[in-house]
1. Taking Rh as the Kirkwood radius, which is the inverse of the mean 1/r over Cα pairs, what is the Rg/Rh value for the chain?
2. Can you put SER142, SER281 in order, fewest other beta carbons within 10 Å first?
3. Just want the answer: with Cβ charges of +1 for Lys and Arg and -1 for Asp and Glu, which residue in LEU302, ALA230, GLY189 is farthest toward the dipole's positive end in the range 2-335?
4. LEU309 to THR233: extension gain in nm, 0.36 nm per residue of separation minus the Cα-Cα distance?
5. In this model, which of LYS72/LYS259; LYS193/LYS322; LYS82/LYS193; LYS72/LYS193 are farther than 21 Å apart at the alpha-carbon?
6. Can you list the equivalent-ellipsoid semi-axes of the range 98-241, largest first and in whole Å, using the square root of 5 times each Cα gyration tensor eigenvalue?
7. Which FRET efficiency value, to the nearest 0.05, is calculated for PHE43 and LYS289 with the Förster distance at 25 angstrom and r the Cβ-Cβ distance?
8. Hey, what do the phi angles of the range 14-20 turn into as Karplus ³J(HN,Hα) couplings, whole Hz, using 6.51/-1.76/1.60 and θ = phi - 60°, x for Gly and Pro?
Amino acid sequence: MADAATRDYWVDYAKAIGIALVVYGHVIRGVYDAGLSISEGFFLLSDSIVYSFHMPLFFFLSGLFFFGSFNKRGAKDFLLNKVDTVAYPYFLWSFIQITFVVVLARFANSPADSGAFWSILTHPFGQFWFLYALFFFFVASSIVFFKEFRFSFILILLFSLAIFLRPLPSNWGILAIFFSSYFCFFLLGAGFKRLTNTHWLGDLKVTLALAMAFIVFQGFYHFELNKTFAERTAWSLALTLVSMLFVVSLSMCLARKPKKWVLFVGASSMAIYVMHILTGSGIRVILQKIFGIDDVIVHVLLGFAFGMLVPMLAQYLIDRYKIPLVFSAPISVLFTSNK
């Protein structure tokens, strides 16, 4: 029983780590783009380290339960569920964020006009590209894995790794970019969940060894090879895989004695993801435009705090008062018949 619980808990721990990195990455980019006096060297290095693995990590975690859910629900109900839980928040929160950016355009680092409302069908806005890509990953996986053949999974995984190293032409559209960049990590998550024994990754010695590997790989990649996360090579793939494996191991290790607050952070990852730009960037605008505060440390600390804590408070209130239609909606009932 403890092992089963630990397996569930580690995913929330990994989500908590991942979403904290997402918020930090966007806060520090906002500070840099706003022209505040931040060390360019520090910014470029920390930005590249975070972006080398934090979004691949989220696609990996999203793939973990694909086969279990797909096999349990069937293709139709599975995809309808993703309309409810992925497509719906994509459109709702894209609309909300675009509204704020349009209304407050003079304060935004990247202003938008009303045309952005229509473009989200083909070009996702801001951080919502993740939900856009994820939905199509679910659709594609539901088509190619309509029956779970191990051989076909291996072939498609190898193909996804190949297009990561040699991406599909960008003029094929934005989905070609997303599938080239991230589909392999989604599939690795789906495959990882099928492994029968992964508990050894949570051993403290393994975690410490992977922590050292993480430091060595990041240092070698950024200082010796002098590359950034934007490079697409076998080295960058190795860097991402080692970094993700370290987070998985660390999460499994820490989840042996789970803390409720960390689990809540992980459970609130959707709320944080869709709200953190509004709250984190909002406090930057208030500090800079209203109070005239340009101190980088203040901006990073408060931006991170507001980006994490305000959405978590919202999640708490939504759970407590059972507020519907915030992160999902029963759209699927429109396509199902009650007999």
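Here, each number is a calculation from the coordinates, and none is a lab measurement. What you are looking at is a predicted structure, and each value in this text was computed from that prediction instead of being measured. Note that we place each Cβ from the backbone using ideal geometry, even for glycine, and neighbour counts take in every protein chain shown.
1. Here the Rg-to-Rh quotient is 0.95.
2. SER142, SER281
3. GLY189
4. Additional length available on full extension: 23.7 nm.
5. The pairs that break the limit, which is 21 Å between Cα atoms, are LYS72/LYS259; LYS193/LYS322.
6. Whole-Å semi-axes of the equivalent ellipsoid: 32, 24, 16.
7. Result of the calculation: an efficiency of 0.70.
8. 5, 5, 4, 5, x, 6, 5
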